[in-house]
Amino acid sequence: MMEVRVPAMRGKMGSRIYYSCLMPLNAVPQFFKFTDWSGMLPEDREQRVLVEKRVPELATYITENEEDYLFSSITASYKSEPKFEPYSPDANIGVLILQLGDELIINDGQHRCAGIVRALKTGSEALKHHTLSVLLFPWENTDRVQQMFSDLNRFVQKTSKSLDILYDKRDDVAAATLMMIEKIPVFKELTEKEKVSLENKSTKLFTLAALYDANVELLKKYDDHDIETNAGLLIEYWTEIAQHMPDWGKVLNGQKRALELRQEKISSHSTVLRAFGGLGVDLLESGDWKDRLTALEDIDWAKKNREWENICIVAGSVVSNRQARAATKAFIKSKLNLDLSDSEKNSLSKAA
């Protein structure tokens, strides 16, 4: 039987010997076992069901960033004991010998592995020789594998969307948004860049995630522009918006507390920001868009304003679902005397 030799380190975690090794990507489809768990009861599975729709996104991430993609280690269990050859007697660094035909049961990282398998089919030849860090533990029984899955995932905490945007250097909209924030004082001083929502005592008005989502809407028709061009467009648009939102300026100048504004009005809520983003798509096509924005000053943004009922306020609370965002955008357009599409008219009639 053919052998695959990979560089490895031998270690001990708890009472178990395990191996940390480097495997070429083209070994993933040969060794890693992908089981269809969908037909089994949850208590009988060794792993969560593979979500197929996640796989193309992971594969695209690899193939579009072949020079600098990054993955954490895959954790798997072996049923056939591999052979470890130390470089010197009693050393814990050496070579791990796997037999072709052996199956490695994935404990953590099945979506990454599935993404790799797909990327190998469409990526460059060099991709096959890239290496993946793999932690290998002995397979004992289903209960132990389930416990491993629980232990590996129990304390994982997803980073906030705002922090992801702040640190993502590949996302052009994120880059343009950050450049915009730096140039507009009200956003520079009053944007929470780490958390996805504002705490009650926060001194901020906006979150980076909300501004990013608004700009995704705004830049839909400008995919062919470079980052600097789009950043310039965002700066011009949001500067004009800010000039006609006097409450934002009051918080910036210390005349009003952010907490008070958030409690009393919806003008800094993510639903309104995304409505502004969608509004910009229509507005920027008109030559007099700056003049039209002056009407924003006439809108009553107070939560107690009954006009917002069933637009973006339901049962006294601001909502941010798609229907609310569409209705809010349509409502603002009507206040600016802009023509409404049939769907926008319909969203307002439903709210009424």
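The values are calculated or read from the model by the stated rules, or taken from the named source; none is laboratory data. None of the values given here were measured: they were computed from a predicted structure. Cβ sites come from the backbone with ideal geometry, for glycine too, and all protein chains shown count toward neighbours.
So here's what we get for this one:
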quantity: Out of 212, 237, sole residue that is part of a helix (DSSP H, G or I), touching a Gly at 6+ places or on another chain (Cβ under 9 Å) and buried (at least 18 other Cβ atoms within 10 Å of the Cβ); calculated: 237
quantity: Count of residues meeting criterion [assigned to a loop (DSSP other than H, G, I, E, B) and either under 21 Å from residue 60 (Cβ atoms) or in contact with a helix residue (DSSP H, G or I) (Cβ under 8 Å, 6 or more places away or on another chain) (or both)] in segment 98-129; calculated: 4
quantity: Among (1) under 19 Å from residue 135 (Cα atoms); (2) in a loop (DSSP other than H, G, I, E, B); (3) not hydrophobic (A, V, I, L, M, F, W, C), the one test that residue 68 misses; calculated: (1)
quantity: Condition check for residue 328: more than 16 Å from residue 237 (Cα to Cα), β-branched (Val, Ile, Thr) and modelled with pLDDT of 90 or more; calculated: yes
quantity: Residue check for residue 49: touching a residue at least 60 places away in the same chain (Cβ under 8 Å) and not aromatic (Phe, Trp, Tyr); calculated: no
quantity: Matching residues in segment 329-347 - criterion: being of a type outside the set (Gly, Ala, Ser) and not in a helix (DSSP H, G or I); calculated: 336, 337, 338, 339, 340
quantity: Qualifying positions in segment 243-271 - β-branched (Val, Ile, Thr), assigned to a helix (DSSP H, G or I) and closer than 16 Å to residue 300 by Cα; calculated: 271
quantity: Within segment 268-313, considering residues that are touching a residue at least 40 places away in the same chain (Cβ under 8 Å) and among the β-branched types (Val, Ile, Thr), the one farthest from residue 218 (Cα to Cα); calculated: 313
quantity: Flag if residue 223 is charged (D, E, K, R), in the same structural domain as residue 320 (by TED's automatic domain parsing) and either modelled with pLDDT of 95 or more or crowded, with 16+ Cβ neighbours inside 10 Å (or both); calculated: no
quantity: Test: residue in segment 110-120 that is closer than 16 Å to residue 35 by Cβ and exposed (fewer than 12 other Cβ atoms within 10 Å of the Cβ); calculated: no
quantity: Checklist (1) closer than 21 Å to residue 198 by Cα; (2) modelled with pLDDT under 95 applied to residue 282, failing item; calculated: (1)
quantity: Positions within segment 129-146 being surrounded by 13 or more Cβ atoms within 10 Å (Cβ to Cβ), over 13 Å from residue 76 (Cα atoms) and out of contact with any Asp or Glu (no Cβ under 9 Å at 6 or more places or on another chain), in sequence order; calculated: 131
quantity: Filter pass, residue 186 being assigned to a helix (DSSP H, G or I), more than 30 Å from residue 234 (Cβ to Cβ), touching a residue at least 60 places away in the same chain (Cβ under 8 Å) and not small (Gly, Ala, Ser); calculated: no
quantity: Residue within segment 43-60 that is aliphatic (A, V, I, L, M) and under 17 Å from residue 104 (Cβ atoms) present; calculated: yes
quantity: Test: residue in segment 329-346 that is under 25 Å from residue 192 (Cβ atoms) and among the hydroxyl-bearing types (Ser, Thr, Tyr); calculated: no
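So that you can scan it fast, the table gives a plain yes or no per residue for (1) surrounded by 14 or more Cβ atoms within 10 Å (Cβ to Cβ); (2) touching a strand residue (DSSP E or B) at 6+ places or on another chain (Cβ under 8 Å); (3) not in a strand (DSSP E or B):
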position: 43; (1), (2), (3): no, no, yes
position: 49; (1), (2), (3): yes, no, yes
position: 52; (1), (2), (3): no, no, yes
position: 57; (1), (2), (3): no, no, yes
position: 72; (1), (2), (3): no, yes, yes
position: 81; (1), (2), (3): no, yes, yes
position: 85; (1), (2), (3): no, yes, no
position: 90; (1), (2), (3): no, no, yes
position: 94; (1), (2), (3): yes, yes, no
